[in-house]
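Enquirer: This is the structure I want to talk about, given as structure tokens.
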Amino acid sequence: MKKKILVIVANYYKDISTDLSNHAKDVLLKNKLKSDWIIVPGVFEIPVVISKNIKKYDGFIALGCVIKGETPHFEFISKSSINAIMNLSIDYKKPVGNGIITCLNKKQAVTRSKSKGQEATNAVLQVLKNF
């Protein structure tokens, strides 16, 4: 499979994003796929980066983490980011692996970071095989 993948990593929680990135990278290397990487400050910036690069790549992997705090900010950021990513995927018919972890606390995020990057990457690869 000769496809170009763009991985966008929200680096707000650096330890979590590093874990997500390492697992995504393992899958990409195992499958000998070319990928480019862009780091953004938070998950809210991921959709605009995908939008700007939508014609240059065959698939995208969105990695990041949102942890619930004491304000409704968590709900707004999570929902708007994930909806925007889904809309881009559908509108442009390009797979976007959703590796954005939404958790209630840091412990949950650490646990989920062990598998979510790999899952998101595998999802994109599986969809691309069908194109």
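Enquirer: Of the residues Gly64, Gly42, which is touching a helix residue (DSSP H, G or I) at 6+ places or on another chain (Cβ under 8 Å) and free of Cβ contacts under 8 Å to residues at least 40 places away in the same chain? Lay out the reasoning, then the answer.
Expert: Working: Gly64 fails: free of Cβ contacts under 8 Å to residues at least 40 places away in the same chain.
Every option except Gly42 fails the conditions.
Enquirer: Of all residues being of a type in the set (Phe, Trp, Tyr) and part of a helix (DSSP H, G or I) in region 72-131, which is modelled with the lowest pLDDT? Just the residue, please. Reasoning before the result, please.
Expert: Just the residues of region 72-131 that are of a type in the set (Phe, Trp, Tyr), to begin with: 74, 76, 92, 131.
Add one more test, that the residue is part of a helix (DSSP H, G or I), and what stays is 74, 76, 92.
Working: Phe74: 87, Phe76: 91, Tyr92: 97.
Taking the candidates together, the pick is Phe74.
Enquirer: In addition: Would you be able to say whether some residue in region 13-32 is assigned to a loop (DSSP other than H, G, I, E, B) and of a type in the set (Val, Ile, Thr)?
Expert: In the first step, residues of region 13-32 are kept if they are assigned to a loop (DSSP other than H, G, I, E, B); the result is 13, 31-32.
The next check asks that each one be of a type in the set (Val, Ile, Thr); those that pass are none.
There is no residue in region 13-32 that is assigned to a loop (DSSP other than H, G, I, E, B) and of a type in the set (Val, Ile, Thr).
Okay, residues lined up against (1) under 16 Å from Asn11 (Cα atoms); (2) crowded, with 20+ Cβ neighbours inside 10 Å; (3) in contact with a helix residue (DSSP H, G or I) (Cβ under 6 Å, 6 or more places away or on another chain); (4) among the small types (Gly, Ala, Ser):
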position: Lys56; (1), (2), (3), (4): no, no, no, no
position: Gly59; (1), (2), (3), (4): no, yes, yes, yes
position: Ser81; (1), (2), (3), (4): yes, yes, yes, yes
position: Asn105; (1), (2), (3), (4): no, no, no, no
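Enquirer: Is it the case, given these coordinates, that Leu125 is buried (at least 18 other Cβ atoms within 10 Å of the Cβ) and out of contact with any strand residue (DSSP E or B) (no Cβ under 6 Å at 6 or more places or on another chain)? Break it down into steps so the answer makes sense when it comes.
Expert: Working: buried (at least 18 other Cβ atoms within 10 Å of the Cβ): yes; out of contact with any strand residue (DSSP E or B) (no Cβ under 6 Å at 6 or more places or on another chain): yes.
For Leu125, the condition - buried (at least 18 other Cβ atoms within 10 Å of the Cβ) and out of contact with any strand residue (DSSP E or B) (no Cβ under 6 Å at 6 or more places or on another chain) - is met.
The values are calculated or read from the model by the stated rules, or taken from the named source; none is laboratory data. Predicted model, so just to flag it, every value in this text is computed and none were measured. All Cβ positions, glycine included, derive from the backbone under ideal geometry; neighbour counts span all protein chains shown.
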